[in-house]
1. Kindly evaluate residue 45 against the criterion of being touching a Ser or Thr at 6+ places or on another chain (Cβ under 7 Å) and part of a loop (DSSP other than H, G, I, E, B).
2. If we keep just the residues of the range 118-134 that are touching a residue at least 24 places away in the same chain (Cβ under 8 Å) and open to solvent by less than 40 Å² (accessible area, probe 1.4 Å), which is farthest from residue 24 (Cα to Cα)?
3. Within the range 103-117, which residues are within 16 Å of residue 28 (Cβ to Cβ) and buried (at least 16 other Cβ atoms within 10 Å of the Cβ)?
4. How many residues are in contact with a Ser or Thr (Cβ under 8 Å, 6 or more places away or on another chain) and of a type in the set (A, V, I, L, M) when one looks only at the range 60-90?
5. Across the range 67-95, which residue is most open to solvent (accessible area, probe 1.4 Å) among those that are of a type in the set (Ser, Thr, Tyr) and part of a strand (DSSP E or B)?
6. In the range 16-42, how many residues are open to solvent by less than 60 Å² (accessible area, probe 1.4 Å), assigned to a loop (DSSP other than H, G, I, E, B) and more than 24 Å from residue 118 (Cβ to Cβ)?
7. So which pairs qualify, if the first residue must be in the range 96-117 and in a loop (DSSP other than H, G, I, E, B), the second must be polar (S, T, N, Q) and open to solvent by less than 40 Å² (accessible area, probe 1.4 Å), the Cβ gap must be under 8 Å, and the two must be at least 6 apart or on different chains?
8. Suppose the filter is at pLDDT below 95 and either polar (S, T, N, Q) or within 30 Å of residue 3 (Cα to Cα) (or both); does residue 75 pass it?
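The values are calculated or read from the model by the stated rules, or taken from the named source; none is laboratory data. This is a predicted model, so every value here is computed, not measured. Because the Cβ atoms are built from the backbone with ideal geometry, glycine has one as well, and the counts that use them run over all protein chains shown. The accessibility values were calculated without ligands, DNA or RNA, using every heavy atom of the protein model including side chains. Shrake-Rupley method; radii C 1.70, N 1.55, O 1.52, S 1.80 Å.
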Amino acid sequence: MTTTPATPHPVLGLFDPPMWDSIRAHDLKLQQCRDCEEFRYPPGPTCSHCLSTSYEWKAPSGQGEIYSWVIFHRGYLPAYPPPYNVISVKLDEGPIMVSNLEGPVPEGSWIGKRVSLCYATMPDGVVLPRFKLA
């Protein structure tokens, strides 16, 4: 009998549950400051730009560009057999998210390649935000 490797679940801080609920709904929402309109990720109690504690949950465009990337050739978690990629994406709204690139991968350097948000449902049912080439 084969078992599906468990996807590591996020360690949730006080401000994280609304974001992960939106990811499960395939409708990513991030905190946006009501005073200066900066998006923030990861979620937190204050805006790093103006220090306001006032925010609302809003959907970013889901568009961005690859800021950094790596391909791991060693396995660290059973849910991610090697080789697998990890990318840092600078969203058009400013925050940088760490994720994976789905689908075909670029030739040469990936830095600066435009990507768009998509969602991956892992074999054990966990939904994760991912990116694909735009």
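1. Details: touching a Ser or Thr at 6+ places or on another chain (Cβ under 7 Å): yes; part of a loop (DSSP other than H, G, I, E, B): yes.
Yes: the conditions hold for residue 45.
2. Going through the range 118-134, the residues touching a residue at least 24 places away in the same chain (Cβ under 8 Å) turn out to be 119, 122-124, 126-134.
Add one more test, that the residue is open to solvent by less than 40 Å² (accessible area, probe 1.4 Å), and what stays is 122, 126-131.
On the way: 122: 11, 126: 8, 127: 5, 128: 8, 129: 9, 130: 12, 131: 15 Å.
So, considering only residues that are touching a residue at least 24 places away in the same chain (Cβ under 8 Å) and open to solvent by less than 40 Å² (accessible area, probe 1.4 Å), the one farthest from residue 24 (Cα to Cα) is 131.
3. Step one: of the range 103-117, the residues within 16 Å of residue 28 (Cβ to Cβ) are 115-117.
Those that are within 16 Å of residue 28 (Cβ to Cβ) and buried (at least 16 other Cβ atoms within 10 Å of the Cβ): 115, 117.
4. Number satisfying all stated conditions: 5.
5. Our first condition is that a residue be of a type in the set (Ser, Thr, Tyr); within the range 67-95, this holds for 67-68, 76, 80, 84, 88.
Going one step further and asking which of them are part of a strand (DSSP E or B), we end up with 67-68, 84, 88.
Values: 67: 129, 68: 53, 84: 43, 88: 26 Å².
Across the range 67-95, the extreme among qualifying residues is 67.
6. Let us first name the residues in the range 16-42 that are open to solvent by less than 60 Å² (accessible area, probe 1.4 Å), namely 16-20, 22-23, 28-33, 36, 39-40.
From what is left, the residues that are assigned to a loop (DSSP other than H, G, I, E, B) are 16, 28-29, 36.
From what's left, more than 24 Å from residue 118 (Cβ to Cβ): 36.
The total comes to 1.
7. 100/85; 105/85
8. Numbers: at pLDDT below 95: yes; either polar (S, T, N, Q) or within 30 Å of residue 3 (Cα to Cα) (or both): yes.
Answer is yes for this residue.
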